[in-house]
1. What's the total number of residues in segment 132-157 that are in contact with a Lys or Arg (Cβ under 7 Å, 6 or more places away or on another chain) and not acidic (Asp, Glu)?
2. Condition check: small (Gly, Ala, Ser) and modelled with pLDDT of 75 or more. Does ALA55 satisfy that?
3. So which residues in segment 48-72 are touching a residue at least 40 places away in the same chain (Cβ under 8 Å) and either more than 17 Å from VAL119 (Cβ to Cβ) or among the β-branched types (Val, Ile, Thr) (or both)?
4. What number of residues within segment 195-211 satisfy the criterion of being closer than 19 Å to LYS233 by Cβ and crowded, with 19+ Cβ neighbours inside 10 Å?
5. Among the residues of segment 143-174, write down those that are without any contact (Cβ under 8 Å) to a residue 12 or more places away in the chain and over 24 Å from VAL95 (Cβ atoms).
6. Please go through segment 70-97 and give me each residue that is of a type in the set (Asp, Glu) and more than 17 Å from ASP211 (Cβ to Cβ), ordered by number.
7. Which of the following residues is in contact (Cβ under 8 Å) with a residue 40 or more places away in the chain, out of contact with any Phe, Trp or Tyr (no Cβ under 9 Å at 6 or more places or on another chain) and not hydroxyl-bearing (Ser, Thr, Tyr): LYS109, LYS122?
8. I want to confirm something. Restricting to segment 212-241 and keeping residues that are farther than 20 Å from LEU123 by Cα and part of a strand (DSSP E or B), which single residue is most open to solvent (accessible area, probe 1.4 Å)?
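The values are calculated or read from the model by the stated rules, or taken from the named source; none is laboratory data. Please read all numbers here as calculations on a predicted model, not as lab measurements. Every residue, glycine among them, receives a Cβ derived from its backbone with ideal geometry; neighbour counts consider all protein chains shown. These accessible areas exclude ligands, DNA and RNA; they are computed on the full protein's heavy atoms, side chains included. Shrake-Rupley method; radii C 1.70, N 1.55, O 1.52, S 1.80 Å.
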Amino acid sequence: MSKLMGDWWQALLNLIFPHCRCIACGEEVKLDNTGLCGNCRRIIQDETMIYHSCASCPTFIPLEARYCLNCLREPPWFFDAGIAVFPYQDVIRQVLQDFKYRGTVKWAKPLGTLMAEAVLHKLPFHNITTVIPVPLHPNRERTRGYNQSELLAREIGRRLDVRVDVSILLRIRDTPSQTGLSKEGRRGNLHEAFQIRESGDLTGKTVLLVDDIYTTGITVNTCSRILKEAGTKAVFVATCAAGKRY
């Protein structure tokens, strides 16, 4: 079904815009269903040929390994499994920085599409009932003008035909950026930062929690704990990129 929809979208693009511009390089070429030309898609996917996500979290590890060192050493996560599309480096690092901090929201469609494709190929993720983005504090969202995780979640929800709920998980503390903090610092920074809306009902739901970048896992794990405490049956994490850890 995914391939059929992809072929249909490509055919429609070619019919309406026979010479579309790739959103990455700007070349007038035929595009795939992400809005990228074949060359640009290959460039940002090259690393996935030698790395894959850990069996427990989105961290990228060599193909011959099953778990990252973090998952071997740490207690179990509150989320049930995780996946990422790209290692966070090189071209994709620049793309995500432009998307997250410089208002380049055109990246939501191709990145969200690729994330949806990754989810469709991950067997445990097939019973998702609700897609929820990691929220920004309202102050941060007003300043930035958007929540990049919400834009990705909406694209994923469209591709999977699953409801996206952007109001049930709330960020109630305007915490400083996690960048540069130690693991303990990140954990303390997010203490009591999230809550479930009082009228929200997650009982028995299987949630896909969406974020843009996975590093230590503290943010998505904190959100997953809150979701589980609210009665969620299972929480799966999907991120656009993740760090590499051997």
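1. 5
2. yes
3. TYR51, THR59, ILE61, PRO62, ALA65, CYS68, LEU69, ASN70
4. Residues in segment 195-211 being closer than 19 Å to LYS233 by Cβ and crowded, with 19+ Cβ neighbours inside 10 Å: 7 in total.
5. Once the filter is applied, which keeps residues that are without any contact (Cβ under 8 Å) to a residue 12 or more places away in the chain and over 24 Å from VAL95 (Cβ atoms), segment 143-174 yields only ASP161.
6. Across segment 70-97, the qualifying residues are GLU74, ASP90.
7. LYS109
8. ILE213
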